[in-house]
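Asks: Mind having a look at this structure? Questions to follow.
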Amino acid sequence: MFLALRELSFARGRFALMGAVVALIAILMVLLSGLAVGLTNDGVSGLQHVKATSFAFQKDVSKDSAFSRSIVGPDAVKAWQKQKDVEAATPFGNTLVNARTDRGVEIDLALFGVETDSFMAPKAAEGKALTREGEVVVSSTAADEGVKLGDTVTLDPSGTELEVVGIMADQNTFGHVDIGYLPLRTWQEIKAGIPPGDEVPSRVYDEFTAVAVQAKDGATVDLAAGDKAAGTTSLTREGSYDASPGYTAETSTLQLIQVFLYAISALVVGAFFTVLTIQRRQELAVLRAMGASTRYLLRDSLLQSFILLVVSAGVGIGIGLAAGSAISSSPMPFALEAGPIIAATVLLIVLGLLGAGIAVLRITRIDPLAALGGSR
């Protein structure tokens, strides 16, 4: 450690420049992590909060657009209710609509149609739960946009009116749209485009998007067996995230950016220590001639890079968290969570050490005779 600390102190400008680069990478890492979490929450937080363990969609439906294309009927619900390890199975409806309140607030809603006495029914932090047709419980983010308890929400173009009777505690969004829970029969009429007061064909009440399945505690439902019996295509709750509009494209793009960022960090740190090792070649040869082992020199150089990475990453993360806190208050989908940031920080340090380790392997080829001019 003596040599590493002395060199860090002596070449402050050189190491400060490298540290600044690592800190900038750490800032980007924090911001990308917050953006990834924010986009995930904005895209599928509504699905994350439901108690269903899986969804059974129409047979052979395209899995990346299952929520918008699937249509199933009551027979599928009955078949799933009979499956082993299934606690409950209930109809579930999903559709996107444009709406406005009686106070002129325009809002897009992802309507989730549920049976009011089922496990899919939402809990309201403000107001009350769903009890009858024509009611809706909305996400807290809808309330942030100006929707209030007691408002009448009019849907376009059908003109259906819904009374806001409850507001949920957490963010509940689907495809970056605020969720509104409403009774299944109301949802079916809206989905069919039936104007208020018109006669509703009986077939309308036999169609919905999927069967929401809840497994028994500690049990795993055999989805393949259930699909065979019900004639459906099942996705786990987590697997259904990909069916949310834009979710796969957004997450894969951000993951690709993060992979390149980590690769760049390893290359930058490796290039820095490669140049540093070349510049120190004569001094390292002197140490070898004085009896220092290759293992000692390697350990000293890696400890030096570890100190640089930890300090620089710590500074960058601090700045990133401060910037992230400011961004969190904006409309941008951004959320800071400790888990992803810690994982990304560890990965940044490990990859940086890997790059530095490959660079300082040059030390093993240094000839002690170079200190005595043996190379000339």
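The values are calculated or read from the model by the stated rules, or taken from the named source; none is laboratory data. The shown structure was predicted, so the numbers you read here are calculated from the model rather than taken from an experiment. No Cβ is skipped: glycine too gets one built from the backbone with ideal geometry, and neighbour counts run over all protein chains shown. Heads up: the accessible areas ignore ligands, DNA and RNA and are worked out on the full protein's heavy atoms, side chains in. Shrake-Rupley method; radii C 1.70, N 1.55, O 1.52, S 1.80 Å.
Asks: Express as a percent, rounded to the nearest 5, the fraction of DSSP beta bridges in region 87-222 (both residues included) that run antiparallel.
Replies: Values: 27 of 37 bridges.
If I count the DSSP bridges inside region 87-222, around 75 percent turn out antiparallel.
Asks: If one takes the longest principal axis of the Cα atoms in the chain, at what angle in degrees, from 0 to 90 and to the nearest 10, does the Cα axis of helix 338-360 lie?
Replies: 30
Asks: Filter LYS128/LYS148; LYS82/LYS128; LYS59/LYS191 down to the pairs with a C-alpha to C-alpha distance above 22 Å, please.
Replies: Table pairs above 22 Å Cα-Cα are LYS82/LYS128.
Asks: Excluding GLY197 itself, calculate the net charge of residues whose Cβ lies under 13 Å from the Cβ of GLY197, where each Lys or Arg counts +1 and each Asp or Glu counts -1.
Replies: On the way: positive: none; negative: GLU161, GLU189, ASP198, GLU199.
Computed value for this residue: -4.
Asks: While we're on this one: Would you mind calculating the relative contact order of region 60-230 from Cα pairs under 8 angstrom and at least 6 residues apart, reporting the percent as a whole number? Present the calculation step by step, with values, prior to reporting the outcome.
Replies: Values: 361 pairs, mean separation 55.8, N = 171.
Once divided by the residue count of region 60-230, the mean separation gives 33 percent.
Asks: Summing Lys, Arg as +1 and Asp, Glu as -1, what charge do residues with Cβ under 11 Å from the Cβ of VAL44 carry, VAL44 excluded?
Replies: Values: positive: ARG237; negative: ASP42, GLU238, ASP242, GLU250.
Computed value for this residue: -3.
Asks: Could you tell me the extents of region 60-230's C-alpha atoms along the three principal axes, largest first, rounded to whole Å?
Replies: In descending order, the Cα extents are 50, 37, 30 Å.
Asks: How large is the dipole of the chain about the Cα centre if only Lys and Arg carry +1 and Asp and Glu carry -1, each at its Cβ, rounded to the nearest 20 debye? Working shown, then result.
Replies: Values: 30 positive and 38 negative charges, 577 e Å.
So the magnitude is around 2760 debye.
Asks: Keeping every protein chain present and rolling a 1.4 Å probe, give me the accessible area per residue for region 60-230 in Å². Please report the intermediate quantities before stating the final value.
Replies: Values: 8150 Å² over 171 residues.
With the other protein chains kept in place, region 60-230 gives 48 Å² per residue.
Asks: Would you work out which of MET168, VAL211, VAL114 lies farthest towards the positive end of the dipole of region 60-230, given +1 charges on the beta-carbon of Lys and Arg and -1 on that of Asp and Glu, about the Cα centre?
Replies: Towards the positive end, the residue furthest out is VAL211.
Asks: What percent do you get for the relative contact order of region 86-131 when only Cα pairs under 8 Å and 6+ apart count? If you can, show how the numbers build up before the last one.
Replies: Numbers: 50 pairs, mean separation 14.8, N = 46.
Contact order relative to length: 32 percent.
Asks: Treating only the Cβ of Lys, Arg, Asp and Glu as charged (+1, +1, -1, -1), what charge dipole size does region 60-230 show about its Cα centre? Round to the nearest 20 debye.
Replies: Values: 16 positive and 29 negative charges, 92 e Å.
Dipole about the Cα centre, nearest 20: 440 debye.
Asks: What percentage of the solvent-accessible surface of region 60-230, computed with a 1.4 Å probe over protein heavy atoms, is contributed by carbon and sulfur atoms? Show your work: numbers first, answer last.
Replies: Values: 3550 of 8150 Å².
Here it works out to 44 percent.
Asks: Round to a whole angstrom and tell me the spacing of the C-alpha centers of region 48-82 and region 205-229.
Replies: First find each Cα centre; the distance between them is then 7 Å.
Asks: Oh, and also: With contacts defined as alpha carbon pairs under 8 Å and 6 or more residues apart, what's the relative contact order of the chain in percent?
Replies: 28
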